[in-house]
């Protein structure tokens, strides 16, 4: 069996920060930027001190989700999806079996939990959505991907991180009728559904965008970025990915992998879609019902490595190359690139943290978009692809 492990390293000397009410994929606002301070600016040759390791979680690619005193992570064992809860010294508090997990192409769990108050929302590679109690993992409600929503699977199973707004949770089954849905997050009851363009989902985690008092749920399906009103489910706008013809897209797995959360700042949405248009900036109208493309950079081509926006520069990993890129957020013009392999990117304390698919953890400095490798070490545990996004929590 493939071992799925979590190393915890001592990244900082001291930390003090308040925890948000919602704990979600890639930190606050799904930005990939963590609030921790006083982190190490140079690592020992062997890497930061390892405090503990958790093994025997089964197969999976999802990142852990930390709260103030615990963390939660998924895994697949014997074709079943499991959710685990640990305290911060790596001691297991409970585990619960959710249902069937994806076991064909890239078998294993995919998603990171979303936590609000005493409830956890977690999806599986089979597209099923579960709400469980945070205290003990007991099931509150669940929705089945195919039975409830007639969902359509992408080539590598479903991957999404539930988005919350008020009393609603949003999910993207794909397919002709329930393409995107808004559910009552306490009961799982359907509040609204939108047929979108009838496409399969695009492995996208989704994002809540709050623009001048208007709330939008923004997500990708196979060939479109969609912006929907969170209250009504109305489709406000879409942005087409035009690098493949409709005939080419009929083959599942072609042009439909858009796994990066979008970024919103000051009236603009930024995205990186390596299987689509590349890097794009879209400017929203005053009420958020229309978009205008400001620029497009096809070379900013991350599939699922994550994007961070720091000052006036966007950073991400390339997919068709082995580079990490920075581009000017105002113009989309390339500022810098470093050849350090495909990987996943986060940021904290004025440094970039890059976990490449060969298992190297790399620390990078940056000044106005110019990057420099500072330190690195090798993750030697695990037996499969290094796809998970790293997380920083209290060092």
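General remarks:
- Dimensions in Å of region 131-282 - Rg and Dmax from alpha carbons: 15.2, 49
- Per-peptide average of other Cβ atoms within 10 Å, ordering 319-330, 50-61 highest first: 319-330, 50-61
- Over region 222-311: Kirkwood hydrodynamic radius from C-alpha pairwise inverse distances, Å: 13.8
- Mean Cβ count within 10 Å, highest first, over the residues of peptides 263-275, 288-300: 263-275, 288-300
- Region 296-331 versus region 256-290: alpha-carbon centroid distance in Å: 12
- Computed over region 153-193, the ratio Rg/Rh where both radii use C-alpha atoms and Rh is Kirkwood: 1.00
- Order by protection proxy (mean Cβ within 10 Å, highest first), peptides 367-379, 63-75: 63-75, 367-379
- Cubic angstrom per residue, convex hull over Cα atoms of region 304-395: 98
- Modelled this way, with points 7 Å down the Cα-to-C-beta line, the labels at residue 328 and residue 94 are 5.4 nm from one another.
- The alpha-carbon atoms of region 6-378, seen along their principal axes, cover 54, 49, 40 angstrom, with the largest extent given first.
- Projecting the alpha carbon convex hull of region 258-334 along each direction and taking the average yields 4.6 nm².
- Centre separation in Å (Cα based) which lies between region 147-189 and region 348-383: 34
- Listed residues 146, 172, 219, most fluctuating in the chain (Gaussian network, C-alpha, under 10 Å): 146
- Principal axes of region 12-110: Cα extent on each, largest first, Å: 42, 35, 27
Read-outs: derived from the displayed coordinates by stated rules, not from any lab. Source: prediction; values computed, not measured. Glycine also receives a Cβ, built like all others from the backbone with ideal geometry; neighbour counts cover every protein chain displayed.
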